[in-house]
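Okay, structure first, notes after.
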Amino acid sequence: MTDTQTIATMIEAHAGSEGPLLPILHDVQRALGCVSPASEGQIAAALNLSRAEVHGVVSFYHDFREEADPRPCVELCRAEACQARGVEAIVARAEAAAGNRVRVASVYCLGLCSVGPAARVGDQLHARLDAAALAKVIENA
Ligand code: FES
């Protein structure tokens, strides 16, 4: 199945639903690893939106990427509560542990504010991270 056919299937799956843009974008991101400019155009045409409107949503949310990145991703919370619990002091060591093999992405709240610093890898959440624990999470990603 081509990317165009995959996207068409996803658009069809959300046909008639209210506010289908975000669910379609999430499906495309999950299936193809990105929402490319070509995908934006196809989605825009199907939803009767301008490509600029779709691109505005894609570029606003950090979850969406324009190019696929096959590296594992560790999402590290850098919002206020995790900052107060010391996340900024362990970022540099996390990035050193990640090197080019793992992508460390900043996110802003994982719902673990009282037990931060927190990180997520896929569906797994990690809390109470110090530099060594975070390096281990990155190593296992
Ligand atoms: S601020 Fe980090 S989990 Fe909420």
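Listed values, structure above:
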item: Any hit, the range 9-22, residues being away from the ligand (no atom under 16 Å from the Cβ), open to solvent by 40 Å² or more (accessible area, probe 1.4 Å) and of a type in the set (V, I, T); result: yes
item: Unmet requirement for A94, which otherwise passes all of (1) modelled with pLDDT of 95 or more; (2) more than 18 Å from R30 (Cα to Cα); (3) over 12 Å from the mean Cα position of the chain (by Cα); result: (1)
item: Boolean, N48 is open to solvent by 60 Å² or more (accessible area, probe 1.4 Å) and assigned by TED's automatic domain parsing to the domain that holds C34; result: yes
item: Lone qualifier among A127, A94 - being over 30 Å from A13 (Cα atoms) and open to solvent by less than 40 Å² (accessible area, probe 1.4 Å); result: A94
item: Cβ-Cβ under 9 Å pairs, at least 6 apart or on other chains, the range 71-96 side over 18 Å from E139 (Cα atoms) and near the ligand (Cβ under 9 Å from one of its atoms), far side polar (S, T, N, Q) and open to solvent by 80 Å² or more (accessible area, probe 1.4 Å); result: A81/S114; R85/S114
item: Filtered residue count, the range 53-64, keeping only those that are within 25 Å of E139 (Cβ to Cβ) and surrounded by 17 or more Cβ atoms within 10 Å (Cβ to Cβ); result: 0
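The values are calculated or read from the model by the stated rules, or taken from the named source; none is laboratory data. Keep in mind that what you see is a predicted model, and the values were worked out from it rather than measured. Please note: Cβ atoms are built from the backbone with ideal geometry, for glycine as well, and neighbour counts cover all protein chains shown. Keep in mind that these areas ignore ligands, DNA and RNA; they rest on the heavy atoms of the full protein, side chains included. Shrake-Rupley method; radii C 1.70, N 1.55, O 1.52, S 1.80 Å.
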